[in-house]
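One structure below.
Just so it is clear, none of the values below were taken in a lab; they were calculated from the coordinates. This one's a predicted model, so the numbers in the text were calculated from it and none came from an experiment. Backbone-built Cβ (ideal geometry, glycine too); neighbour counts: all protein chains shown.
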Amino acid sequence: MACRLWAARAASYMRISVPLRSYSTVLKDLKYADSHEWAKVDGNSATIGITDHAQDHLGDVVYVELPEVGVPVTQGGSFGAVESVKATSDINSPVSGKVIEVNEELNSSPGLVNASPYENGWIIKVEISDAGELNSLMDSDQYSKFCEEEDAKH
């Protein structure tokens, strides 16, 4: 462990990314989709973003394709994309509804998705059309276990 800590410190001075943590941050009060998006529900709306696990696997995000306000989204359906230095991935909505806000900050600072996936790096806000869909999403414990099992396969 001491060697790993030294390597991480050395890497931070040299600006190299080293996978230091063995698991990603998972917040308790969110709902999670198996495609690695999260939803923070507040009344009949939900703030949506990609998980820490997802941004960690993507690498440095260089562009986020945002939908227009007012467009409908469906649970499991793509509404945008995240482009990183490694790959481009679709972003799927964990809930159905209508986009009521997009995070315009991501146009000039797409790296917020990496630096703050659950706070400043949120992607859209949706007015939920079917609250029952929330029951099909995972809680934090289920999502943590899902990620561990998925990573074990790779």
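Going down the list 28/145; 40/86; 31/125; 40/98; 98/125; 31/145, which pairs span over 18 Å between their C-alpha atoms?
Values: 28/145 13 Å; 40/86 27 Å; 31/125 14 Å; 40/98 15 Å; 98/125 8 Å; 31/145 14 Å.
Long pairs (Cα-Cα over 18 Å): 40/86.
On each of the three principal axes of the Cα atoms of segment 25-153, give max minus min coordinate, whole Å, ordered largest first.
Between the extreme Cα coordinates on each principal axis of segment 25-153 lie 34, 33, 22 Å.
List, in order, the whole-Hz ³J(HN,Hα) value for each residue of segment 124-138 obtained from phi through the Karplus relation with A = 6.51, B = -1.76, C = 1.60 and θ = phi - 60°; use x for Gly and Pro.
Each residue of segment 124-138 in turn: 9, 10, 10, 7, 6, 9, 9, 4, x, 4, 4, 5, 8, 8, 8 Hz.
Long-range amide H contacts for residue 121: which residues qualify at under 5 Å (H placed 1.01 Å from N, peptide plane, sequence gap of 5 or more or a different chain)?
So residue 121 has HN proximity to 116.
Determine the sum of side-chain charges near residue 87: Lys and Arg each +1, Asp and Glu each -1, restricted to other residues whose C-beta is under 15 angstrom from that of residue 87.
My count for the surroundings of residue 87 gives -4.
With labels modelled as points extended 7 Å from the Cα through the Cβ direction, what inter-label distance (nm, one decimal) is found for residue 28 paired with residue 131?
Going from the residue 28 label point to the residue 131 one covers 2.3 nm.
For residue 140 and residue 81, calculate 0.36 nm times their separation in residues minus their Cα-Cα distance, and state this gained length in nm to one decimal. Don't skip to the end; give the middle numbers.
On the way: separation 59, 0.36 × 59 = 21.24 nm, distance 2.36 nm.
Length gained between residue 140 and residue 81: 18.9 nm.
Listed highest first by mean packing, meaning other Cβ atoms within 10 Å per residue, what order do 81-87, 45-51, 119-125 come in? List each step's numbers first, then the result.
Numbers: 81-87: 14.6, 45-51: 24.3, 119-125: 20.3.
Highest mean packing first, the order is 45-51, 119-125, 81-87.
What list of ³J(HN,Hα) values in whole Hz, one per residue of segment 61-76 in order, does the Karplus curve 6.51 cos²θ - 1.76 cosθ + 1.60 (θ = phi - 60°) give from phi, with Gly and Pro shown as x?
7, 10, 7, 10, 8, 9, x, 7, 5, x, 6, x, 10, 10, 4, x
Please list 3J(HN,Hα) in residue order for segment 89-104, calculated via the Karplus relation 6.51 cos²θ - 1.76 cosθ + 1.60 where θ = phi - 60°; whole Hz, with x for glycine and proline.
Whole-Hz 3J(HN,Hα) from phi for segment 89-104: 10, 5, 10, 9, 7, x, 9, 8, x, 10, 5, 10, 7, 10, 7, 4.
Out of segment 22-119, which chymotrypsin sites (Phe, Trp or Tyr not before Pro) are coil in DSSP terms and have no more than 16 other C-beta atoms within 10 Å?
On the way: sites: 23, 32, 38, 63, 79, 118; in loops: 23, 118.
Filter output for segment 22-119: 23.
Taking amide H positions as placed in the peptide plane 1.01 Å from N, state which residues far from residue 45 in sequence (5 or more) or on other chains have amide H under 5 Å from it.
For residue 45, whose amide H was placed from the backbone, the distant partners under 5 Å are 128.
Starting from the amide H of residue 73, placed 1.01 Å from N in the peptide plane, find each other amide H under 5 Å away whose residue is 5 or more places distant or on another chain.
It is 97, 98, 99, by chain and number.
Going by how many other Cβ atoms sit within 10 Å of their own, how do 127, 101 line up, fewest first?
Details: 127 17, 101 14.
Starting with the residue having the fewest Cβ neighbours, the order is 101, 127.
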